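Beneath this line is the structure, given in structure tokens, with notes to follow.
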Amino acid sequence: MLPPTLDIALRGATVAMLLVLAASLFRGFGTVLAGRLAAAFALGSAAHAISYSLGGTSPVMIGHAPLIALSTGNVVVFWLFTRALFDEAFKLRWWHALVWGLVAAFSFVNCMWIAPAAGGVRPSIIAVNLLALGFIILAVVQTITSWSSDLVERRRNVRVFIVGAAALYAGLNAVLQIVLAGGGTEIANTVNSAALAAVVGAISFAMMRVDGADLFPTAPEVQADVAGPAAAADLAADQKLVDALMRLMADERIYRHDNITIGTLATKLKIPEYRLRRLINQRLGYRNFNVFLNEHRIAEVKAALADPSQAEVPVITIAMDAGFQSLGPFNRAFKATTGVTPSEYRRLKAAPA
């Protein structure tokens, strides 16, 4: 049997790493939503490292229950973190806090009253961990669906590693909690502690190998020109590609096509996908491919809404013609760009000067 002191040492090391990581994130990226959520996730993970117990059957002390509630609510923070990490236009809403509060409150009530009253296998513990698995799945789906639109090459693999490693551990922990409900072992807890320490260490190491501004950007930047003949030749070649790309956007209006991808554009320009990704990011200043497309789509929509001859054309028709697939994402993107809704924009342009 593994000694309890090993489990305590592993937990202590993990908590120390997480607290240092949280402090570093708050200090360096506290003004960026993804940075704040990453720090909050690190703190919630520290609460998890202190409080978890696989398959424990003893009653939970009143001072221990809040840590377990924070640990459970951390899956919501993880989901929000992946949203902010991959979508720089993402904003927190009041209902996000409500969801976190409900999950944490359910976990607290379960610890204090439901689980002790149920005994045995404790279906409520299984329910809590199934809920956690649900949010982990949402985070993984968000990672997979958004990864291809990320234009910052250096951070793409690091992002996937961070989210993947955290999701793998959290998912494994939730599965173990379900399987071992009512019958956990000291060895299982120690192995779980070692796995958590390894994941936290690997994530910390990965984050040190990439510029923090790439993971948590404050504003898009266009790469500065570098002097020298070779650099000048590269710049000229890049400019030709930029001109060709902009012709595709302006003349062919390729952004209107269904399911347009960066791979499609790269094929049309006859260049590797990674080069086009770098070109749009470093030469045009975009960090997300969908933002690049939507800017052209919204420019077309704005022109149509301001055109008196199209005053009777429904907004949804104009949006669909410009390449948007549904009304909800279009309305959000339009308001984020202009500050008003499409209907308000049309009224403003129709009003006499």
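One table, with the values for the structure above:
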| item | result |
| --- | --- |
| GNM top mover of 137, 62, 298 - the chain, alpha-carbon springs below 10 Å | 62 |
| Surface share of carbon and sulfur [accessible, 1.4 angstrom probe, percent] for the chain | 65 |
| Prolate/oblate/rounded label for the range 259-353 (Cα gyration tensor, a/c 1.5) | prolate |
| Highest to lowest packing among 313-324, 328-339, scored as the average C-beta count within 10 Å | 313-324, 328-339 |
| Length-normalised contact order for the chain - Cα pairs under 8 Å, 6+ apart - percent | 17 |
| Most fluctuating residue given options 94, 113, 147, as computed from a GNM of the chain linking Cα atoms under 10 Å | 94 |
| Amide H within-cut-off set for residue 288, under 5 Å, with H built and near neighbours excluded | 151 |
| Spatially close lysines, pair count over the chain: Cα under 18 Å, gap of eight or more or interchain | 6 |
| Rounded FRET efficiency, nearest 0.05, which uses the C-beta distance separating residue 153 from residue 26 and R0 of 25 Å | 0.35 |
| Axial C-alpha extent at least 15 Å, average Kyte-Doolittle at least 1.6 - helices from the chain (DSSP) | 123-147 |
| Mean residue ellipticity (222 nm) of the chain, computed from DSSP H runs ≥ 4 via -39,500 (n - 2.57), nearest 500 | -23500 deg cm²/dmol |
| Alpha-carbon Rg with Dmax, taken over the chain, Å | 24.7, 83 |
| Accessible area per residue in Å² at 1.4 Å probe, computed on the chain | 51 |
| Exposed-loop-free span, longest in the chain, where GluC sites (Glu not before Pro) count as exposed if DSSP calls them loop and at most 15 other C-beta atoms lie within 10 Å | 1-220 |
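The values are calculated or read from the model by the stated rules, or taken from the named source; none is laboratory data. Small disclaimer: the values here were computed from a predicted structure and weren't measured. Using ideal geometry, Cβ is built from the backbone for each residue, glycine included, and neighbour counts are taken over all protein chains shown. Ligands, DNA and RNA are excluded from the accessible area calculation, which covers all protein heavy atoms including side chains. Shrake-Rupley method; radii C 1.70, N 1.55, O 1.52, S 1.80 Å.
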